[in-house]
Amino acid sequence: MSGWRERDHAPAAGTPLCAFAELPEDNGVERVFGDGPREFRVVVFRVGDDARAYVNECPHADIPFGFAEGVFCVHEIDGRRDLLCAHHSAVFHLDDGLCWDGPCVGARLEPVDVRVRDGTVVVA
């Protein structure tokens, strides 16, 4: 069992997160479950013909990645799609969550198990 499943308000298997067609090339789609200081934030990204989802929490500082709510910096470097943490400039590969530049090199994003089912990204 993954650690994210044990967090307060973590979505159950089968919970829809977004339509795959809704995933932009240059941003992510964030979903928030619960409220207050113990809310569960997940962000979903398009990676080729698939989706990847991660807990929206930088391993360097335990804060969300975005520049503002729902605004993420996704770009391509050397043929790989990457996420830039807005707060400390850590850069993570979206396909495997590995930080390859910035203050937490070698750390990884916490993946949330998802799959695309009938055009919808759902928690696996």
Over region 24-53, the set of residues of a type in the set (A, V, I, L, M) and more than 15 Å from residue 76 (Cβ to Cβ) is 29, 32, 42, 43, 44, 51, 53
Tell me whether region 11-30 contains one or more residues that are surrounded by fewer than 18 Cβ atoms within 10 Å (Cβ to Cβ), over 12 Å from the mean Cα position of the chain (by Cα) and polar (S, T, N, Q). yes
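Determine which member of the set 79, 70, 106, 34 is surrounded by fewer than 15 Cβ atoms within 10 Å (Cβ to Cβ), more than 17 Å from residue 7 (Cβ to Cβ) and modelled with pLDDT of 90 or more.
On the way: 79 fails: modelled with pLDDT of 90 or more; 70 fails: modelled with pLDDT of 90 or more; 34 fails: more than 17 Å from residue 7 (Cβ to Cβ).
After applying the criteria, what remains is 106.
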Residue check for residue 65: aromatic (Phe, Trp, Tyr), surrounded by 11 or more Cβ atoms within 10 Å (Cβ to Cβ) and at pLDDT 95 or above:
no
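Residues that are touching a residue at least 60 places away in the same chain (Cβ under 8 Å) and touching an Asp or Glu at 6+ places or on another chain (Cβ under 6 Å): find the strands (runs of 3 or more DSSP E) completely inside region 1-52 holding 2 or more of those. Break it down into steps so the answer makes sense when it comes.
Numbers: elements: 16-19, 29-33, 40-47.
In region 1-52, there are no strands (runs of 3 or more DSSP E) which contain 2 or more residues that are touching a residue at least 60 places away in the same chain (Cβ under 8 Å) and touching an Asp or Glu at 6+ places or on another chain (Cβ under 6 Å).
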Considering residues that are over 15 Å from the mean Cα position of the chain (by Cα) and on the phi > 0 side of the Ramachandran plot, the number found within region 57-112 is 5
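The values are calculated or read from the model by the stated rules, or taken from the named source; none is laboratory data. Fair warning: this is a prediction, and the values are worked out from it, not measured in the lab. We place every Cβ from the backbone using ideal geometry, glycine too, and count neighbours over all the protein chains shown.
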